[in-house]
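Taking it in order: structure first as structure tokens, then the write-up.
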Amino acid sequence: MNQAEFPAGVATGVGSWSGTDPHEAAAVIVGELPALPHLVELPVRGVGADTVGRISALLVDMRFDTTPRGYRLAARPGGVSRRAHDLLRTDLDALQEAWENAGLRGSGRPVKVQAAGPLTLAAQVELPGGHRVLTDRGAVRDLADSLAEGLAAHIAEIATRLETDVVLQLDEPLVADVLNGSLRGASVLNTVRALPEPEALAILDAVLTAQRVPALVHTCANRPPLDFLRRSAADALGFDLATLSGTAGLDAVGQALDAGKRLVLGLVPTSAPATPVSWQDIAEPGARLMDRLGFPRATLARQVSVSPACGLAGASQSWAREALRLTSDTAKAFEQDPESLVPQ
């Protein structure tokens, strides 16, 4: 556990946002999520702006190029790396401007930065020959080491720019596929072997422990491997609560709370539901979860924060803003009066 703790009882975002204007996005995020705003990702801008592509701007002595399927390791810097770097600089400038306009410099408020985790990167990025990095254990370690070093520099820059503490979110949407061996190889005749859990845990922890800030591992996987993530060095686990099913999933959440992990529960839909919802509708599943696990509802304030179920890049601008308001109202209810949410 890091000396500082990952924030609990607050509202935050997962990372991605709709639209292409970084200044507008940063202003909205800082305004709507003042307790834990985050560096916004705008993947609609295309190559180098998505979760995986922007990592090319962070890696040390490694970079990406594009393929028809996505990204691959490149021998030398090219257009992808330059574009990812330029977009990230623009996003950082926009966040710094919004931060200063909101008077948050020196306020002690933390800010969150997101990055694709090493397992998802190894699963999505290709080697020059077309196979996934995941098929070459040496390449996986090199990629993880480069990511760890680049992230440390990135976090240090943000802390200096904003004069505040930084917390990290590693996004691992493909962690279940990596562990299950369900990824397709370079052709339909190839398969990618499952990465043994001890090896996967060592790779993930190598990146986490290289950072001297509280860290969250977030996954939007349909069946999040919470037991695996609980055993990682992460201070907090984030997932879409709607994906939790069965006794095993509940047990894993309970064990994570018992172990002192913080949770970031994805409770707010990423697109507008067919019928309007209130923050009470959003908050109820979180309260019911504590009841089913046998934890006091005060745990919601001590160990739980609230987010949308996943990123909001595909949402309309109006719903994205409404989603943040629902997220914020739900977090306030968890922090102020969780006992009154629904009858126990």
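Per the Cα gyration tensor, segment 176-236 maps to an equivalent ellipsoid with semi-axes of 25, 13, 10 Å, ordered largest to smallest.
For the chain, what is the calculated [θ] at 222 nm in deg cm²/dmol (nearest 500), taking -39500 (n - 2.57) for each run of four or more DSSP H residues and dividing by its residue count? Don't skip to the answer; put the middle values down first.
On the way: 11 runs with 144 residues, N = 344.
Counting only the DSSP helices, I get -13500 deg cm²/dmol.
Give the value in nm², to one decimal: projected area of the alpha carbon convex hull of segment 63-125, averaged over all directions.
Details: hull surface 22.9 nm².
Result: a mean projected hull area of 5.7 nm².
What segment 23-82 shows is 40 Å² of accessible area per residue, with the surface traced by a 1.4 Å probe over protein heavy atoms.
Among 12-19, 28-35, how do they line up by average Cβ neighbours within 10 Å per residue, starting with the highest? Each step should come with its number before you reach the end.
On the way: 12-19: 24.8, 28-35: 19.1.
Answer by packing, highest mean first, reads 12-19, 28-35.
Given charges of +1 on the Cβ of Lys and Arg and -1 on the Cβ of Asp and Glu, with all other atoms neutral, how large is the dipole of segment 250-294 about its Cα centre, in debye to the nearest 20?
Numbers: 4 positive and 5 negative charges, 25 e Å.
It comes to approximately 120 debye.
Report the far tail of the P(r) of segment 22-336, meaning the percent of Cα-Cα pairs longer than 25 Å. Value for segment 22-336: 50 percent of Cα pairs lie more than 25 Å apart.
Ignoring ligands, DNA and RNA, what percent of the 1.4 Å accessible area of segment 112-250 is carbon and sulfur? Walk me through the intermediate numbers first.
On the way: 2670 of 5380 Å².
Carbon with sulfur: 50 percent of the solvent-accessible area.
Using 0.36 nm per residue and subtracting the Cα-Cα separation, the extra length available between ARG325 and ARG76 on full extension is 85.3 nm. On a full-extension model of 0.36 nm per residue, what is the gain between ALA159 and VAL342, subtracting their alpha-carbon distance, rounded to one decimal in nm? Value of the extension gain: 61.9 nm. Taken along its three principal axes, the alpha carbon spread of segment 1-99 comes to 44, 35, 23 Å, from the longest extent down to the shortest. Peptide packing for 153-159, 53-59, 191-197 was compared via the average number of neighbouring C-beta atoms within 10 Å per residue; ordered from the highest value, the list is 53-59, 153-159, 191-197.
Here the extension length gained between ASP61 and THR209 equals 51.2 nm, from 0.36 nm per residue of separation less the Cα-Cα distance. Legend: P(r) of segment 129-275 from all alpha carbon pair distances, 5 Å bins from 0, whole percents, reading 2, 9, 16, 19, 18, 15, 13, 7, 3, 0, 0. Over segment 29-152, the alpha carbon radius of gyration divided by the compact-protein estimate 2.2 N^0.38 Å works out to 1.15.
The values are calculated or read from the model by the stated rules, or taken from the named source; none is laboratory data. If you're wondering where the values come from, they're calculated on a predicted model, not measured in any experiment. Every residue, glycine as well, gets a Cβ built from its backbone with ideal geometry; the counts of neighbours run over all protein chains shown. With ligands, DNA and RNA removed, areas are computed over all heavy atoms of the protein, side chains included. Shrake-Rupley method; radii C 1.70, N 1.55, O 1.52, S 1.80 Å.
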